[in-house]
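Handing you this structure, nothing more for now.
Derivation of every value follows stated rules applied to the coordinates shown; laboratory data play no part. The structure displayed is predicted, hence computed values, not measured ones. Virtual Cβ from ideal backbone geometry, glycine too; neighbours counted across all protein chains shown.
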Amino acid sequence: MNKITILWVDDEIDLLKPHILFLEKKNYKVVTSQSGQDALEEIKNTFFDIVFLDENMPGISGLETLTEIKKYDASIPVVMITKSEEEFIMDEAIGSKIADYLIKPVNPNQILLSLKKSLDNSRLVSEKTTSNYQQEFRKIAMDLSMVNSHEEWADLYKKLIYWEMQLEEIEDSGMFEILESQKVEANAQFSKFVDKNYSDWFQDNDGPVMSHTLFRKKIQPELEGNKTLLIVIDNLRYDQWLAFEETLSIHYKKKHEASYYSILPTATQYARNAIFSGLMPLDMEKQHPNWWKNDTDEGGKNLFEAEFLGAQLKRLGLDLKWEYHKISNLRQGKHLAQNFKSQKDNDLTVLVYNFVDMLSHSKTEMEVIKELASNDKAYRSLTLSWFKNSPLLEIIQQAQDMGMKLILTTDHGTINVKQPSKVIGDRETSLNLRYKTGRSLTYEKKDVLEAKDPQNVHLPNINLSSCFIFAKNDLFFAYPNNYNHYVGYYRNTYQHGGVSLEEIIVPFIVLDAK
């Protein structure tokens, strides 16, 4: 293995001989230079792993040398060393993306620590992460055998996401594969848990907050005395929220983070209508037959969200000035961003943002999106890239300037489907890949959660003999006709409507403007 090579630039380099000897004993190679100009020549002729750079030198100053080094090769880590504690020098150096900043006099161990931070950081983090997960693995396995409440499942899911995002940053693919197997096992157990308990949650005060109780239990208490922006990003998973949380934290500080349970089917027309109406689909059909549409009905299934919300606000006795906006494309997003100041007098501004839903569906339809979002890590990365460059972030910045409280949530999540499950139905059967409703369905019972009497789970009967089935784990429904083509087309795409941790346990975040 080649020695790590250091370029140390200081006009009083002779005084640093003890430090250099110390590093050489630690098996580092140190090349010295006494001016910025000489250092630049060295860098052009020799590869260096890192540069130690004195700030106060005659001729070209340390800051000027730093600028030239970064112009030549922005990837070289530079540690700035200075006698000065003036703030503007620190600001300049940090703004130039230095690796570290040390104040003279420095001792050898400070130098060694800086080297490890700059050069060994990824290796040390990788080793520590692997070690920590190996210890946590046993605890997660034990929790999986014992978890028996909706709160415990939410906590376990967040723990799995945490380790997934930690392990994906290191190079130990073996550990990541072990975690993936734990996620598969967790989803299998979670499906059994939901199957056993779902229908009871509608009668049980100990059940989780769900789509139809979200507004009353979680959102309404936040509205008193606060001008609020409620954003519902369609199809947003918990891990995707965590991916762009840091970007959002520039403008808002998190007051409260929680999760809630999406209703079944975990699909937009059911779950999002339930949020805005405060009702389950069966009750929507009974109380608002002109607004509710079943799978087999023609026309848009989410055209009356504003009307549902208005009826719920009236039912809750909330006298608010409010507006509802739905963003389905870039043009609509830009238009709202340009005119967002018009919302300043509202008590409640509701914004449904459909981008993540469009992204997941386009992944099914477009090969380029399949490439860009080939796995969960890439899917998170693509979501983050979108968020950073979207009109939604502009809107959030304006909401911050207006001092609005921000509530961020979603209607359901999505899962990368891997395995097909055969289903047979008539031409009236719904088309969704993760749930089916219709008459005379034939399916693999082990693969689904059944609702033979939909009214037991507060879903409408499209026909007298209709039932619902929901795919478990990472399965998707495929018809026997043209089976291989169908399976090849939809495998490894993001779908929703079924039973999985990713689809059901979703984020609810309350934030205050900074």
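How many nm separate the modelled label positions at residue 74 and residue 492, each set 7 Å beyond the Cα in the direction of the Cβ?
According to this spin-label approximation, the distance is 3.1 nm.
Relative contact order (percent) for segment 24-109, with alpha-carbon contacts under 8 angstrom and 6 or more residues of separation?
With pairs under 8 Å counted, the relative contact order is 25 percent.
Please report the relative contact order for the chain, taking Cα pairs under 8 Å with a sequence separation of at least 6, and give it as a percent rounded to a whole number.
After rounding, I find 16 percent.
Also, quick follow-up: So, with +1 on the Cβ of K and R and -1 on the Cβ of D and E, and no other charges, what is the size of the charge dipole of segment 123-200 about its Cα centre, to the nearest 20 debye?
Roughly 180 debye, rounded to the nearest 20.
Right, another one. Please compute the length gained on full extension between residue 169 and residue 439, using 0.36 nm multiplied by the number of residues separating them and subtracting their Cα-Cα distance.
Length gained between residue 169 and residue 439: 92.5 nm.
On to the next question. Given the DSSP H assignment, sum -39500 (n - 2.57) over each helix run of at least 4 residues in the chain and divide by its residue total; what's the result at 222 nm in deg cm²/dmol, nearest 500?
-13500 deg cm²/dmol
Another question, then. If each residue of separation counts as 0.36 nm, what is the full-extension length gain between residue 116 and residue 418 once their alpha-carbon separation is subtracted?
104.6 nm
Using the Karplus equation 6.51 cos²θ - 1.76 cosθ + 1.60 (θ = phi - 60°), what ³J(HN,Hα) coupling, rounded to whole Hz, does each residue of segment 377-388 give in order, writing x for Gly and Pro?
Going residue by residue, I get 4, 5, 5, 5, 4, 5, 4, 4, 4, 4, 4, 4 Hz, with x marking Gly and Pro.
Can you work out the FRET efficiency for the pair residue 345 and residue 21, with r the C-beta to C-beta distance and R0 = 60 Å, to the nearest 0.05?
FRET efficiency, residue 345 to residue 21: 0.30.
Explain nothing, just the number: relative contact order of segment 374-457, from Cα pairs under 8 Å at least 6 residues apart, as a whole percent.
Computed value for segment 374-457: 18 percent relative contact order.
Can you work out the FRET efficiency for the pair residue 319 and residue 14, with r the C-beta to C-beta distance and R0 = 45 Å, to the nearest 0.05?
Efficiency, rounded to the nearest 0.05: 0.05.
First check a/c for segment 1-81, with a ≥ b ≥ c the square roots of the eigenvalues of its C-alpha gyration tensor; if it is under 1.5, answer rounded, and if not, answer prolate when a/b is larger than b/c or oblate otherwise.
oblate
Of 13, 275, 340, which is farthest towards the positive pole of the chain's charge dipole, taken about the Cα centre with +1 and -1 on the beta-carbons of Lys, Arg and Asp, Glu respectively?
Towards the positive end, the residue furthest out is 275.
In debye to the nearest 20, how big a dipole does segment 374-514 give about its Cα centre with +1 on each Lys and Arg Cβ and -1 on each Asp and Glu Cβ?
That gives a dipole near 360 debye.
While we're looking at this one, here's another question. Can you pull out the GluC sites (Glu not before Pro) in segment 298-337 whose DSSP state is coil and whose Cβ has at most 15 other Cβ atoms within 10 Å?
When the GluC sites (Glu not before Pro) of segment 298-337 are filtered for loop state and at most 15 Cβ neighbours within 10 Å, 298 remain.
Further question on the same structure: With the cut-off at 1.5 for a/c, could you classify segment 337-491 from its C-alpha gyration tensor as rounded, prolate or oblate?
It comes out oblate by the Cα gyration axes.
Okay, next question. Could you list which residues have their amide H under 5 Å from that of residue 421, counting only those 5 or more apart in sequence or on another chain, with H placed in the peptide plane?
476, 477, 478
For a test of the definition: using alpha carbon positions, the gyration tensor, and the 1.5 limit on a/c, classify segment 123-200 as rounded, prolate or oblate.
Since a/c reaches 1.5 and a/b is larger than b/c, the shape of segment 123-200 is classed as prolate.
If you don't mind, there's one more thing I want to ask. Please list, in order along segment 182-188, the HN-Hα scalar couplings obtained from phi with the Karplus expression 6.51 cos²θ - 1.76 cosθ + 1.60 (θ = phi - 60°), rounded to whole Hz, x for Gly and Pro.
Coupling constants for segment 182-188: 5, 5, 4, 5, 4, 5, 4 Hz.
Something else now. Using the Karplus curve 6.51 cos²θ - 1.76 cosθ + 1.60 with θ = phi - 60°, work out ³J(HN,Hα) for each residue of segment 336-349 in order, rounded to whole Hz, and write x for Gly and Pro.
So the J values, rounded to whole Hz, are 5, 4, 5, 10, 5, 4, 5, 8, 5, 8, 6, 6, 9, 10.
How much length, in nm to one decimal, is gained on full extension between residue 296 and residue 142, taken as 0.36 nm per residue of separation minus their Cα-Cα distance?
51.0 nm
Which aspartates and glutamates have a Cα lying under 14 Å from the Cα of residue 227, excluding residues fewer than 8 positions away in the same chain?
Filter leaves 319, 323, 345, 347, 401, 512.
Among the trypsin sites (Lys or Arg not before Pro) within segment 24-55, which fall in a DSSP loop and have no more than 16 other Cβ atoms within 10 Å of their own Cβ?
Qualifying residues, ordered by number: 26.
Quick check: the angle from helix 36-45's long axis to the longest principal axis of the chain, C-alpha only, nearest 10 degrees?
It is inclined by approximately 70 degrees.
Using a basic spin-label model with each label point 7 Å from the Cα along Cα→Cβ, how many nm lie between residue 283 and residue 371?
4.9 nm
How big is the dipole moment of the chain about its Cα centre under a simple scheme where the beta carbon of each Lys and Arg is +1, that of each Asp and Glu is -1, and everything else is neutral? Debye, nearest 20, please.
The dipole of the chain has a size of about 1340 debye.
Please give me, ordered by residue number, the GluC sites (Glu not before Pro) of segment 398-478 that lie in loop per DSSP and have at most 14 other Cβ atoms within 10 Å.
Passing both the DSSP loop test and the Cβ count: 428, 444.
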